[in-house]
1. In segment 315-357, how many are over 24 Å from D116 (Cβ atoms) and open to solvent by 70 Å² or more (accessible area, probe 1.4 Å)?
2. Quick one: which of L268, L275, L249, L256 is within 11 Å of ligand 2 (Cβ to nearest atom) and either touching an Asp or Glu at 6+ places or on another chain (Cβ under 9 Å) or in contact (Cβ under 8 Å) with a residue 12 or more places away in the chain (or both)?
3. Determine whether segment 200-223 contains at least one residue that is within 21 Å of the chain's Cα centre (by Cα) and of a type outside the set (F, W, Y).
4. Just one of E232, E218 is of a type in the set (D, E, K, R), outside the structural domain of H280 (by TED's automatic domain parsing) and within 20 Å of D177 (Cα to Cα); which is it?
5. Report yes if L93 is within 16 Å of ligand 2 (Cβ to nearest atom), assigned by TED's automatic domain parsing to the domain that holds L309 and either charged (D, E, K, R) or part of a loop (DSSP other than H, G, I, E, B) (or both), otherwise no.
6. Any chance segment 297-304 includes a residue that's more than 15 Å from ligand 1 (Cβ to nearest atom) and over 23 Å from L130 (Cβ atoms)?
7. Of the numbered conditions (1) without any contact (Cβ under 8 Å) to a residue 40 or more places away in the chain; (2) assigned to a strand (DSSP E or B), M227 fails exactly one; give the number of that condition.
Amino acid sequence: MHAQIAVLPGDGIGGEVTAEAQKALMAVAELYGHRFSFPTALVGGAAIDQTGTALPDESMDLCRQSAAVLFGAIGGPKWDDPRAPVRPEQGLLALRKGLGLYANLRPVRLYDCLVDASTLKPEVVRGVDLIVVRELTGGLYFGQPSKRFDGPHGREAVDTMSYTEEEVARVVQAACDLARHRRRKVTSVDKQNVLSTSRLWREVAAEVGARNPDITMEHVLVDNCAMQLVREPSQFDVLVTENTFGDILTDEASVLAGSMGMLPSASLGTGKMGLYEPIHGSAPSLAGKDLANPIAAILSAAMLLRYSLDLFPEAESIERAVRQVLDDGYRTEDIRAADTKVVGTRKMGDLIASRITRS
Ligand code: IPM
Ligand code: MG
């Protein structure tokens, strides 16, 4: 197969981790006889510095012409001025919205050998295997009005949470489709005791549940869910929730997997094209030091093979390689433990690429 994969490294450690993900993809290409090309483009703070906008048209065009996008991370103190007219994050949001990527899949799996990397008790986290489906193109992130202004009582600001039934239905359906290949349980997360959008969410989710009778659908409030995630995470299979709740719950859930540096994600729409990114940010304090954990980006590359290119054995070959390297005792700084070998970003990437084999 020949596929064009757009690489948008972004800021901070973004370029360091996408480079390692690319290594893994090249190893797969070599082994299975595929040809991948990796044109790169600017996004985020790097794009602001060079072009004045967080997502130049050329970057968007390149993504539209590609089979998939491998994304690094964006943001940093340099662009954090709250009064700045453009922000790096706008680049990522424009990509998600512009490409119609409404379903963000964030699998949280704890490798057995990392049980001690979590700050939670081993008996709580052992065997965790859940996936959060985060709605990605609606809610507070995109609702209008969203602005700051001077009101009669001083400074004021407003953000708007809005959802249409179609926006809810399609992402809940995506969650059901995933659950069908798993333990067939979907937990829909909302705040229906307070928010109108959440009452709509619950109503529509229940309707979608009724159309998928093979799936057990349950509904929980987001505050309770946040607590259950650290109390008894193994009760969850697929969680589905709106944009902001999903953003918050997945940072929390990353603790279950040992580190933010372990969590990949796939953002999908109606077609095959998708955007693949680690859930962690640009980690400015680690940038340029060969300290970042590239595993989240590498596992994102595996998701890219699976969801955008339908290359299932190839995806598994990357996931197997990650497991082997961890089982062999190699760790990056964020998941270090007694009696392990701590390596840098590049070495971890090399080790994983070198262990990619056909099953
Ligand atoms: C994420 C990040 C982004 C988000 C930021 C960088 C805009 O936190 O992907 O979880 O809030 O969606
Ligand atoms: Mg986040």
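The values are calculated or read from the model by the stated rules, or taken from the named source; none is laboratory data. Treat the numbers as computed from the prediction; the structure is a model and nothing was measured. In this analysis, Cβ positions are derived from the backbone assuming ideal geometry, glycine residues included, and neighbour counts consider all displayed protein chains. Note: accessible area is taken over every heavy atom of the protein model, side chains too, but ligands, DNA and RNA are not part of it. Shrake-Rupley method; radii C 1.70, N 1.55, O 1.52, S 1.80 Å.
1. Selection size over segment 315-357: 4.
2. Working: L268 fails: within 11 Å of ligand 2 (Cβ to nearest atom); L275 fails: within 11 Å of ligand 2 (Cβ to nearest atom); L256 fails: within 11 Å of ligand 2 (Cβ to nearest atom).
From the options L268, L275, L249, L256, the qualifying one is L249.
3. Taking every residue of segment 200-223 in turn, at least one turns out to be within 21 Å of the chain's Cα centre (by Cα) and of a type outside the set (F, W, Y).
4. Values: E232 fails: within 20 Å of D177 (Cα to Cα).
That would be E218, the only listed residue that is of a type in the set (D, E, K, R), outside the structural domain of H280 (by TED's automatic domain parsing) and within 20 Å of D177 (Cα to Cα).
5. Details: within 16 Å of ligand 2 (Cβ to nearest atom): yes; assigned by TED's automatic domain parsing to the domain that holds L309: yes; either charged (D, E, K, R) or part of a loop (DSSP other than H, G, I, E, B) (or both): no.
No; evaluated as a whole, the condition is false for this residue.
6. no
7. Evaluating M227 over (1) without any contact (Cβ under 8 Å) to a residue 40 or more places away in the chain; (2) assigned to a strand (DSSP E or B) leaves (2) as the failure.
Residue by residue, here is whether (1) touching a residue at least 24 places away in the same chain (Cβ under 8 Å); (2) part of a helix (DSSP H, G or I); (3) in contact with a helix residue (DSSP H, G or I) (Cβ under 8 Å, 6 or more places away or on another chain) holds:
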| position | (1), (2), (3) |
| --- | --- |
| R83 | no, no, no |
| E89 | yes, yes, no |
| K97 | yes, yes, no |
| V124 | yes, yes, yes |
| P145 | no, no, no |
| V158 | no, no, no |
